[in-house]
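Here is the structure we will look at, set down as structure tokens.
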Amino acid sequence: MRQALAIAGRDLRATYVSAFGIGCTAAFAALAGVLLVFDLRGNQARLDLWFSSLFVALGLLAALLALRAFAEEERSGTLELLLTSPVRLWQVAFGKLFGVVGVLVAVIAATVVCPLLVANMGNPDAGPIVTGYVGLFLVGIGFLALGLAVSASTPNPLVAAAGTAAVLVALWLAGVLAGGLGGRLKVVLQYLSPTSHVTGFLRGTLAVADVAYFLSMTVVGVVAVIVVLGTRR
Amino acid sequence: MRGRLLGVAVVIAVVVGGNFLAYAHNAQADLSAAHRFTLAPQTKAVTDQVHGPLKIIAFLNNAGAAARDARFLLARYHELNRDITYSVLDPDADPGLARRYGISAYSSVVLTYKGRRVDAPSVDELDISTAIVRIVRGGAKPVCVVVGHGEPSLDDDTGQGLSKVRDVLQHNAYDVRPLDLTVGQASVPGDCAAVLLLGPREGLGPREVDALNAYAENAGRLMVVASSLSTANPNPLLEPWGVHFLGGLVVDPKRSESGDPTNVVVEDLPSASPVDQGVARLQFPATAGLAVSNNLHEGLTVERLAVTSDGSWDESNPDNELQFDAGDIPGPIVVASASDDSRVEASGETRVPGGGARVVRTRVLATGSDTWLTNDFLDRLGNRRFFVNALSWLTQEEQLLATTSQVSTDRSLPLTAERQARILVITVGLVPGAIIGTGLLAQVVFRRRRRRRQRQRQRQRR
């Protein structure tokens with residue numbers, strides 16, 4: 001685990017020493033503020049619409065971070081060094097994941113001022129805010145893990161970003177497609193779609209199925225990274 | 001390689017199995033205030049009875065918070081039973097669909113199941129679960145509507161007609177049957193779940209009154225919608241149940257609409273009766289008053305459902321100037337009442353010693369006006385809800401659920417220009433500025449350190 005944390009620390013430092021990491025975090029915070037104004041146009045002290053917009057924004061963030069993960073490292077030639085060093089593949093996979101999760105935590109932390117402002121002005125229900133943040137964290141980790149898997153499988157950073165976006169859109173489309181179907185296929189496709197798993201976080205409930213879904217997405221992403229790196233080693 | 005494949009297979013099996021178990025158990029923690037989305041155990045039992053596609057369409061203003069809460073609540077029903085699907089539509093955005101379902105106002109909910117349709121008065125747990133029970137039960141309950149005395153017609157689409165009442169009855173799984181007691185044997189069919197007398201303009205004959213009284217006494221369910229514009233005297237039907245129709249015209253200058261003191265807005269609904277549930281205000285134009293007897297026989301209770309304000313009175317001579325004077329009855333005036341009479345009667349059973357007794361329950365709902373039910377007024381304030389509640393109470397369909405969650409709560413926060421500016425300055429200006437400033441500072445510190453280290457290394461080499 002120490003190696004994994006060392007990789008994560010190195011990645012996190014590299015992200016925040018560059019303008020990319022600072023710019024991403026600042027832009028996400030500003031976007032959250034603009035979205036908050038749109039949400040409050042309903043004249044209600046509630047943040048469900050704000051959180052649902054942030055879930056979409058997290059998909060974009062995952063694509064951006066995927067761009068820099070393995071693909072960028074391969075382009076600059078440092079991936080070869082990493083894969084030939086005496087670290088195990090799972091340590092590399094978890095190290096990379098922890099690195100982007102660090103960015104995720106920073107980005108989410110930058111939005112905390114929004115609910116504080118709403119609480120200062122009105123009387124929002126605290127429950128949906130807590131579950132909303134739990135949702136942001138789980139959704140973020142799941143999306144980032146998928147992004148890492150896509151990034152590990154291509155040397156081109158732009159393809160990595162586009163591929164991550166394509167995977168997330170495909171999952172979203174599964175839910176849309178399910179609307180016109182019936183039977184078990186409908187149930188399966190609906191379950192596969194993230195949209196059917198964020199409703200609970202927005203209304204203030206934490207369902208085991210929703211938590212299990214996003215943790216599974218994370219596990220699948222990490223396992224895919226290990227498998228892809230294994231074939232390339 | 002084989003070991004890696006095996007490992008991947010194990011991980012996939014664990015992921016699929018874990019999700020299957022989580023999906024099947026549907027466990028959740030509700031962190032919302034007052035556990036708004038924890039549905040009652042009765043609701044879970046109700047949804048278990050659905051065995052086929054049940055569609056719920058809620059027609060709501062899409063821009064409002066109510067539409068979002070409706071989606072959240074209806075999603076819970078879908079989570080409990082995947083055969084239940086839902087959509088929340090704006091009648092303005094989907095006028096074709098709204099017209100197809102005969103929806104003309106916001107806050108209408110339509111449930112369809114196996115070719116049947118039932119409407120719910122609102123998107124809250126009690127109403128949706130009750131509607132599911134009704135639609136799953138199937139079969140339409142016959143409701144008999146007395147005709148032959150110049151009553152407003154159920155087929156009349158004009159503002160004075162009752163076509164909306166007919167639609168409400170049909171959409172709530174009631175089979176509407178006209179009941180003409182002036183022809184043939186004057187008796188009410190035994191299968192009438194309720195008899196409605198909706199604003200007769202002419203008096204009922206003695207045989208008709210006898211028939212309706214006989215029906216009421218035999219555990220009957222009667223809705224007497226009297227009219228101040230009529231010569232018909234409903235008292236022979238009401239007085240056995242503790243209510244007296246005063247006649248006249250209620251005048252309420254304090255609570256009335258459009259400058260017309262007889263267009264009464266009722267805000268005092270003091271009863272805990274299910275008929276008043278979910279009703280905040282009523283509009284009762286041209287209503288007469290009702291008086292509740294103080295001398296009720298044992299087993300009879302009368303609820304004052306709707307009462308006008310202190311400043312109102314029942315004008316005994318409405319053709320003259322509307323002014324309180326001698327002969328008028330001072331307010332508050334009851335304009336709607338619900339009588340419930342439970343009594344034990346012998347059934348004639350003699351084989352069981354001391355046995356054979358049965359409980360007979362009569363319910364009579366009375367209003368002093370019929371205008372509130374017309375097409376022009378049914379959708380005003382809580383009139384429609386009041387009528388649906390009254391039907392449910394009469395046919396004894398209310399309270400399938402004892403306690404239910406209150407899904408929609410108002411958390412008003414007007415977004416003033418000052419608040420908007422404050423939010424934008426802090427979230428778009430200060431916070432990103434602080435992040436960029438901190439980041440640049442960190443970069444400067446990092447570079448200086450790096451340069452210092454490089455210099456130290458160079459010195460060491462020298």
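Any read-out appearing in this document is the output of simple, stated calculations on the displayed coordinates, not a laboratory observation. These numbers were taken from a predicted model, which means no experiment stands behind them. Positions of Cβ are generated from backbone atoms using ideal geometry, with glycine treated the same way; all protein chains shown enter the neighbour counts.
List of remarks:
- Positive-end residue, segment A:1-124 charge dipole about Cα centroid, Cβ charges, pick of A:84, A:66, A:49: A:84
- Translational diffusion of segment A:2-232, estimated by Stokes-Einstein from the Kirkwood radius over alpha carbon pairs at 4 °C in a medium of 1.567 mPa s, is 71 µm² per second.
- Shape category assigned to segment B:132-267 from the gyration tensor of Cα positions, a/c cut at 1.5: oblate
- Summary value for segment A:2-232: 28 percent relative contact order, contacts being C-alpha pairs under 8 angstrom separated by 6+ residues.
- Per-residue ellipticity at 222 nm, computed for chain B from helices alone with -39500 (n - 2.57) per DSSP H run of at least four residues, works out to -10000 deg cm²/dmol.
- Gyration tensor (Cα) of segment A:12-112, equivalent ellipsoid semi-axes in angstrom: 34, 13, 10
- Each principal axis of the Cα cloud of segment B:46-202 was taken in turn, and the coordinate range along them, longest first, works out to 54, 34, 23 Å.
- As a proxy for reagent exposure, ranking B:223, A:121, A:1 by other Cβ atoms within 10 Å from fewest up yields A:1, A:121, B:223.
- Remark: A:54, A:144 ranked as A:54, A:144, counting other beta-carbon atoms within 10 Å and listing the fewest first.
- Each residue of segment B:2-9 was assigned a 3J(HN,Hα) from its phi angle through the Karplus curve 6.51 cos²θ - 1.76 cosθ + 1.60 (θ = phi - 60°); the sequence is 5, x, 5, 4, 4, x, 4, 4 Hz, with glycine and proline shown as x.
- Segments B:366-379, A:188-201, A:11-24 sorted - mean Cβ within 10 Å per residue, highest first: B:366-379, A:188-201, A:11-24
- Considering the protein assembly as shown, its Cα convex hull presents a mean projected area of 42.2 nm².
- Ordered by the count of other Cβ atoms within 10 Å of each Cβ, fewest first, B:175, B:325 give B:325, B:175.
- Cβ-Cβ distance of residue B:411 and residue A:112, R₀ of 30 Å, FRET efficiency by 1/(1 + (r/R0)^6): the value works out to about 0.95.
- Tensor-based shape of segment B:250-387 (alpha-carbon gyration tensor, a/c under 1.5 rounded, otherwise prolate or oblate): prolate
- Mean projected area (nm²) of the alpha-carbon convex hull when segment A:138-187 is viewed from all directions: 4.1
- Site pair residue B:183 and residue B:2 shows an inter-label distance of 9.0 nm when each label is modelled 7 Å from Cα along Cα→Cβ.
- Shape category assigned to segment B:272-313 from the gyration tensor of Cα positions, a/c cut at 1.5: oblate
- Out-of-range pairs (alpha-carbon distance over 22 Å; input B:44/B:164; B:114/B:164; A:186/B:55): B:44/B:164; B:114/B:164
- Only the Cβ atoms of Lys and Arg (+1) and of Asp and Glu (-1) were treated as charged; on that basis the dipole of the protein assembly as shown about its Cα centre amounts to roughly 7820 debye.
- Given R0 = 45 Å, the distance between the Cβ atoms of residue B:229 and residue B:93 translates into a calculated FRET efficiency of 0.65.
- GNM flexibility winner over chain A from A:168, A:116, A:49 (Cα, springs under 10 Å): A:116
- Other-chain or far-sequence residues with amide H under 5 Å of residue B:266's (modelled H): B:282, B:283, B:284
- When chain A is treated as a Gaussian network with alpha carbon springs shorter than 10 Å, the biggest mean-square fluctuation among A:175, A:77, A:95 belongs to A:77.
- Computed FRET value (nearest 0.05) for residue A:2 with residue A:126, which takes r as the C-beta separation and R₀ as 45 Å: 0.75
- For the segment B:6-12, counting C-beta atoms of other chains within 10 Å of every residue's C-beta and taking the mean gives 3.
- Close amide-amide hydrogen proximity is noted between residue B:61 and B:107, each under 5 Å apart and 5 or more residues distant or on a separate chain (H modeled in the peptide plane; Pro and chain starts excluded).
- Per residue of peptide B:431-443, the mean number of Cβ atoms on other chains within 10 Å of the residue Cβ is 6.
- Annotation: extensible slack from residue B:48 through residue B:342 equals 102.5 nm (criterion: 0.36 nm per residue apart, minus Cα-Cα distance).
- Relative contact order (percent, whole number), segment B:1-127, Cα cutoff 8 Å, 6+ residue spacing: 24
- Per-residue mean of foreign Cβ neighbours for A:189-201 is 2 (Cβ atoms of other chains, 10 Å radius).
- In summary, the convex hull built on the alpha carbon positions of chain B has an orientation-averaged projected area of 40.8 nm².
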